[in-house]
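What follows is a single structure, written as structure tokens, with notes after it.
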Amino acid sequence: MFEAAIWGFVAGAALLVGAVIGLRFKPRQWVIALVMAFGVGALISAVAYELTVEAYARGGGDAVLVGLTLGAGLFFAGDLAID
């Protein structure tokens, strides 16, 4: 759990660095999106890692594979719907 907290801090710091760069240098929209996506992706992966280990211990590899695949597909579909 401590490792997840460290990676969460690193990802949060990436968001702060992106905010400072955005306020100081006024980068293009795609640069801002790239920095924010990296920070959010790192935070999500830290949480998913912790949850995946516990899910594997309780339900096995098949359940984790199905759950992660369905979750990723649902997230992708929701993202498309929002766009």
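The values are calculated or read from the model by the stated rules, or taken from the named source; none is laboratory data. Model, not experiment: these values are computed from the prediction. Cβ sites come from the backbone with ideal geometry, for glycine too, and all protein chains shown count toward neighbours. Accessible surface is based on the protein model in full, side chains and every heavy atom, while ligands, DNA and RNA are left aside. Shrake-Rupley method; radii C 1.70, N 1.55, O 1.52, S 1.80 Å.
Just one of the listed residues (Ala63, Ala72) is on the phi < 0 side of the Ramachandran plot and within 12 Å of the chain's Cα centre (by Cα), namely Ala72. Restricting the search to the stretch 1-56, which residues are of a type in the set (Phe, Trp, Tyr) and either in contact with a helix residue (DSSP H, G or I) (Cβ under 7 Å, 6 or more places away or on another chain) or within 28 Å of Thr69 (Cα to Cα) (or both)? If the condition is that a residue be of a type in the set (Phe, Trp, Tyr) and either in contact with a helix residue (DSSP H, G or I) (Cβ under 7 Å, 6 or more places away or on another chain) or within 28 Å of Thr69 (Cα to Cα) (or both), then Phe2, Trp7, Phe9, Trp30, Phe38, Tyr49, Tyr56 are the ones that fit. Only residues that are of a type outside the set (Ser, Thr, Tyr) and under 23 Å from Glu3 (Cβ atoms) were counted across the stretch 24-47, and they come to 10. Take Gly22 and tell me if it is open to solvent by less than 90 Å² (accessible area, probe 1.4 Å), in a helix (DSSP H, G or I) and modelled with pLDDT of 85 or more. For Gly22, the condition - open to solvent by less than 90 Å² (accessible area, probe 1.4 Å), in a helix (DSSP H, G or I) and modelled with pLDDT of 85 or more - is not met.
Remark: pairs (first residue in the stretch 2-18, closer than 11 Å to Val35 by Cα; second residue open to solvent by less than 40 Å² (accessible area, probe 1.4 Å); Cβ separation under 7 Å; 6+ apart in sequence or on different chains) = Ala11/Gly39; Ala11/Ala42; Ala11/Ala46; Ala14/Gly39; Ala14/Ala42; Leu15/Gly39; Gly18/Gly39. Being part of a helix (DSSP H, G or I), out of contact with any His (no Cβ under 7 Å at 6 or more places or on another chain) and open to solvent by 80 Å² or more (accessible area, probe 1.4 Å) is a description that does not apply to Ala11.
Candidates in the stretch 26-46 are the residues that are open to solvent by 90 Å² or more (accessible area, probe 1.4 Å) and in contact (Cβ under 8 Å) with a residue 12 or more places away in the chain; of these, the one that is farthest from the chain's Cα centre (by Cα) is Met36. Scanning the stretch 48-64 for residues that are under 23 Å from Glu3 (Cβ atoms), surrounded by 10 or more Cβ atoms within 10 Å (Cβ to Cβ) and among the hydrophobic types (A, V, I, L, M, F, W, C) returns Ala48, Leu51, Val53, Ala55, Val64.
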